[in-house]
Amino acid sequence: MGWFLLALALSASALLWGAASLRARRFRVPREAAPRRGVRELDEGRFCVVGTVVPIEATRSTIDDLPCVFLEHVEYVPLSDLMRREREHSLVAHPFFVDDGTGRVLVDPGQALVEAATVWEDGGLAVERRLRAGEEVEVVASFRLWEPMEGGPYRGNERLWAATDGPWGPPRISYRTEAGMVQPSDEVVVFLRVAGVFLATVTAALGTLALF
């Protein structure tokens, strides 16, 4: 009977982890089949541009002090081993340039769907989603020519494109996965994974005790 209960607990742990993985995949920003163009080759229409983030203004990360053009910061208070409560939530989004070496496009993450890298600190009690200065990103958007503002951070004779809304929806910004980063997630995904790991750990401990 004991072995049956242990097997049942392990199965439940695997199901929790599988449910978390399925939910995480479902909540990913979907990739869009848009033709890739260099900035120099852009025309009005829906295209994909890949380049590096060049900030106009940035906010420093509270985790590692890196400059970010998009920064969502959440802090939690632990209530138990498996539960936590949100204590603080902030979001800043600064317009920035994406430079691919042939030119620059202007992007406003506050008006876009953002798939951002996520970093954790203090065992998951501090979480940040962010786009950093110098990071490589992919932007899929409807592009149109932007009229430079006098005195702004633009070169007066530059032909500048801006990522805007269009018939296909708002711009989509996706980061390029780096070591140490994890995919975007949500509270349910975090809970399911923590519960799965906790259940597997307890099961392994009980199984070891049963052998002796």
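Overview of results
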item: Modelled FRET efficiency - R0 41 Å, residue 136 with residue 77, Cβ distances, 0.05 increments; result: 0.70
item: Residue among 111, 66, 97 farthest towards the positive dipole end of segment 45-119, charges placed on Cβ; result: 111
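Bear in mind that the values in this text are calculations on the coordinates, not laboratory data. Computed from a prediction, not measured in an experiment: that's the story for all the values here. Cβ atoms come from the backbone with ideal geometry, glycine included; neighbour counts cover every protein chain shown.
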